[in-house]
Amino acid sequence: MRNLWIVDFGSQYTQLITRKSRELGYSSEIITYKETKKRFDAGKKPHALVLSGGPQSVFEDENDYSFIFNHEDLPILGVCYGMQLMGRYFEGKVERGTIGEYGHAKIHTTNDHSISNVPNEINVWMSHSDHITELPKDFQLVMESHNGLVAAIKHNSRPILGLQFHPEVEHSEHGKDILNYFLKDVAKLEMDWGANEMLEEAKELVRGVEKSKVLCAFSGGVDSLVAATLSHEVLGENVYCFFVDHGLLRPQDYGHIETLKKETSLNIEVLNVKELFFNKLKGLSDPEDKRKAIGNTFIEVFEQKVHEYEESKGIKFEYLLQGTLYPDVIESISPHEEDGKSVTIKSHHNVGGLPERMNLKLLEPLRYLFKDEVRILGEKLGLKHEWVYRHPFPGPGIGIRVLGEITEERVLKVQKSDQILFEELKDKNLYDSTWQALTVLLPVKTVGVKGDARAYEEVICLRMVNSTDGMTAVWTDMPYKFLTKVSNRITNEVSGVTRVVYDITSKPPGTIEWE
Ligand code: XMP
């Protein structure tokens, strides 16, 4: 159990509070109102608690919060909705706003207050219409907005702080300092989170399955690499990594897997099943049909492998190792949700369905970690920087980047153009300036001239995006010179391609992949 509980009221930023507090060195977890109540009823209490923001109005919230607020010495931070709950409970006046404050707002300190490292006037991110119009009893005003609205309040004697703005979002200047002020100066928490703690916790999860045979669907991406490496440290040769070569990989992936085979002690077996995948994909051009065919073939390949190991080697797998991360595990739910479940499990996995079919239990040692934490953990485990900072690559591979029917010839066009993009990113030192980079073959032909002849050939689209978790993304503003070089090389070196375009769509509305 973590020292800091973040009670989630459904704000889109709640995960950021957890991430930021962990970056500052404090263990934290997201829980629902119902789970919080259950734990308090069972006599459990955190060292400090954050009440998150939320999309609804406190006027629609009939929950009783006295079980939280009546603990005299419990440090509490209320953010936005959380502050308004505080305002109402402690007999202040909260009013429904007719107009709100959304986006940037300037705020300043009042009454000679100061927060360590934070200037007296800052720009912060607001997203509210209800607001506190009369201070709650025994609270003082610490900051107000230039519109004259309450921006931060503090209890006179108890460790309670309320913020109308969102310190957890990047747009709030000194937001991290303000969170740190609460955690360190108001709540007086001890730092208890870092690479050592992450490693210990993840290993503890693996120790729970000691002596079992573990099957790992190994992609070589950071999640499966870190999950396999730390499981291997605990379970040794009982971890079997299978890498599926479905023929929908890029040249860099073949190089990467060879390197990992040579330079790590992981037990990696490459399964050459290209023909099977291409046969299953023959004639399919609908994106969903293709994804389904790829997913089912993955399962078929692993089923065969499990049987083969059981029959010919007498090895019976009990666990499937997956690199599931915290954002997959936790999903914001509203405090009014009736089912009272604290988390909803989402499955976005390339071998979804396999555990049920093969009667395998799941081993998910990274289930409490964010992606950036997995990278820190990877380096702690001695994995190379370039391995843990590789761009994400989807399980279905090029299969979802060749729009229309998948043929060897069309796959080759993406493989070649992707390799050119990759080489140029590395050469110009731009690989780390984008979160993901890919090329897509469009199902359209356009007219061009090559030499002096008319060409009627296909189009490659370049897609480069910046993101933190793939849930939202913005297109990366790459130098024109770089784009020109990549475009020239593709049209010159990839036969059957006359035109290159650059995708400048954010997510939403566009997804990162095209299918
Ligand atoms: P989208 O296209 O949904 O992609 O914006 C978000 C991120 O997820 C990756 N992605 C996948 N990864 N299996 C995976 O392992 C999949 O089926 C899959 N689909 C999308 C995508 O590359 C991006 O990083």
*Please report, in debye to the nearest 20, how large the charge dipole of segment 5-155 is about its Cα centre when each Lys and Arg carries +1 at its beta carbon and each Asp and Glu carries -1 there.*
440 debye
*Which of the trypsin sites (Lys or Arg not before Pro) found in segment 253-320 are loop residues per DSSP with 12 or fewer other Cβ atoms within 10 Å of their Cβ?*
Lys282, Lys316
*Could you give the angle, 0 to 90 degrees to the nearest 10, between helix 222-235's Cα long axis and the longest principal axis of the Cα atoms of the chain?*
90 degrees
*Taking every eigenvalue of the Cα gyration tensor of segment 401-503, multiplying by 5 and rooting it, what semi-axes result, largest first, whole Å?*
24, 16, 12
*With an 8 Å cut-off on Cα pairs and a minimum separation of 6 or more residues, tell me the relative contact order of the chain in percent.*
11 percent
_Straight-distance crosslink candidates among lysines, where the alpha carbon sits under 21 Å from Lys44 and sequence neighbours closer than 8 are dropped_ = Lys34, Lys188, Lys341
*Once fully extended, how much extra length lies between Asp64 and Asn111, figured as 0.36 nm per residue of separation less the alpha-carbon to alpha-carbon distance?*
13.7 nm
*Take the Cα atoms of segment 1-109, find their three principal axes, and give me the spread along each one in whole Å, biggest first.*
41, 31, 26
*GluC sites (Glu not before Pro) restricted to segment 1-68 and DSSP loop, no more than 10 other C-beta within 10 Å*: Glu62
_Cβ-based net charge around Ile153, under 14 Å, with every Lys or Arg adding one and every Asp or Glu removing one_ = +1
_If the reach is capped at under 22 angstrom between alpha carbons, list the lysines near Lys380, excluding any in the same chain fewer than eight residues apart._
Lys20, Lys203, Lys261, Lys262, Lys371
_Those lysines that a straight Cα-Cα span of less than 27 Å connects to Lys290, excepting residues fewer than 8 apart in one chain_ = Lys274, Lys280, Lys282, Lys305, Lys346, Lys413, Lys416, Lys445, Lys507
*Spacing of the two label points (7 Å from each Cα toward its C-beta) at Glu201 and Lys274, in nm*: 4.3 nm
*Relative to the present Cα-Cα distance, how much length would full extension add between Thr511 and Lys361 at 0.36 nm per residue of separation?*
50.8 nm
*asked:* What does the C-alpha gyration tensor say about the overall shape of segment 4-186? Classify as rounded when a/c is under 1.5, otherwise prolate if a/b is larger than b/c, or oblate.
replied: rounded
_For a Förster distance of 30 Å, can you work out the FRET efficiency between the beta-carbons of His171 and Tyr431, rounded to the nearest 0.05?_
0.65
*asked:* Need one number: nm distance between label points at Tyr480 and Asp245, each 7 Å from Cα along Cα→Cβ, rounded to one decimal.
replied: 4.3 nm
*Cut-off 14 Å between beta-carbons: net charge of the residues surrounding Val94, Lys and Arg +1, Asp and Glu -1*: -2
*Just how large is the dipole of the chain about the Cα centre, in debye to the nearest 20, putting +1 at every Lys and Arg Cβ and -1 at every Asp and Glu Cβ?*
960 debye
*So what's the Cα pair-distance distribution over the chain, bin width 20 Å, in %?*
20, 45, 30, 5, 0
*Only loop residues by DSSP count here, and only those with at most 15 other Cβ atoms within 10 Å; note down the GluC sites (Glu not before Pro) in segment 201-277 that meet that.*
Glu210
*Gyration tensor verdict on segment 138-207 (Cα atoms; rounded if a/c is under 1.5, prolate if a/b is larger than b/c, oblate otherwise)*: prolate
*Which whole-number percent gives the relative contact order of segment 195-388, counting Cα pairs below 8 Å spaced six or more residues apart?*
28 percent
*Under the rule of -39500 (n - 2.57) per DSSP H run of 4 or more residues, summed and divided by the residues of the chain, what mean residue ellipticity at 222 nm is obtained, to the nearest 500 deg cm²/dmol?*
-10000 deg cm²/dmol
_Mean-position separation - Cα centroids, segment 64-94 and segment 250-282, in angstrom_ = 54 Å
_FRET efficiency for His385 and His146, using Cβ-Cβ distance with R0 set to 56 Å, rounded to 0.05_ = 0.80
*To the nearest 20 debye, what is the magnitude of the charge dipole of segment 67-159 about its Cα centre, counting +1 on the Cβ of each Lys and Arg and -1 on the Cβ of each Asp and Glu?*
120 debye
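Read-outs: derived from the displayed coordinates by stated rules, not from any lab. The shown structure was predicted, so the numbers you read here are calculated from the model rather than taken from an experiment. Every residue, glycine among them, receives a Cβ derived from its backbone with ideal geometry; neighbour counts consider all protein chains shown.
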